[in-house]
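First the structure, in the form of structure tokens, and then the observations on it.
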Amino acid sequence: MKPIFTIHAGEYLVAAEIEKTLKEVTVWLPSKDTGIDLLLTDKSNKKTTSLQVKFSKDFNTTHAKENLRQNIKGTGWWTLNKEKIENSQADYWVFIIYSLERKTHDYIIIEPQKLLDIFKTLKRTNKTLHCYFTVTTENKAFETRGLKKKEMKELYEGTYTNKERDVTTFLNNWKQITDKLK
């Protein structure tokens, strides 16, 4: 039996965050799956923007030793279809990084083309794209799939930098959404 009144956990978390943080925005749930999970409007319902939501469990607690993860808030892992990103009708993709240990969550809010640009820069061109987003306790975010051991050590120590992998500008950046709805 398929329930008719359900919302995915990730979609709920994003909708709740938007309602809490962006008071001037209304959240709508599409009744049909078209690749848009949440529709947002300004309060006058004149301007819209759309979101595709991606949720992941926290891989930090299961894949990093406890003594190494003190500087890491959370790490998520997503398997994405490149063609779906290329053809996405959503204005933004929202990746939720949930921290099991800290009971917090962060969001990477990114336009589909910018996400593809990151994969292209990292020379990922397969149809199936694996993505790891990691958020540090210093509120920095990186795409960390394929990092070498030395780089992972730097990440755990809080000294890692890499312009090509840095997605901090998209971390919890709800302003780009409110700007679009102005």
Of the listed pairs Lys23/Lys127; Lys82/Lys180; Lys114/Lys150, those with alpha carbons more than 32 Å apart are Lys23/Lys127
Using 0.36 nm per residue, how much length does the chain from Gln89 to Lys149 gain when fully extended, once their Cα-Cα distance is taken away? 17.9 nm
Express the Stokes-Einstein translational diffusion coefficient of segment 9-180 in µm² s⁻¹, to the nearest whole number, given a Kirkwood radius over alpha-carbon pairs, 10 °C and a viscosity of 1.306 mPa s. 95
Largest fluctuation, Arg102, Arg145, Arg124 only, Gaussian network model of the chain with Cα springs under 10 angstrom, belongs to Arg102
Normalised convex hull volume, segment 69-154, alpha-carbon set, Å³ per residue: 98
Computed about the Cα centre, the charge dipole of the chain from +1 Lys/Arg and -1 Asp/Glu charges at the Cβ has a magnitude in debye, to the nearest 20, of 320
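We did not get these values from a lab; they are worked out from the coordinates using the rules stated. All values reported here derive from a predicted model rather than from experimental measurement. We place every Cβ from the backbone using ideal geometry, glycine too, and count neighbours over all the protein chains shown.
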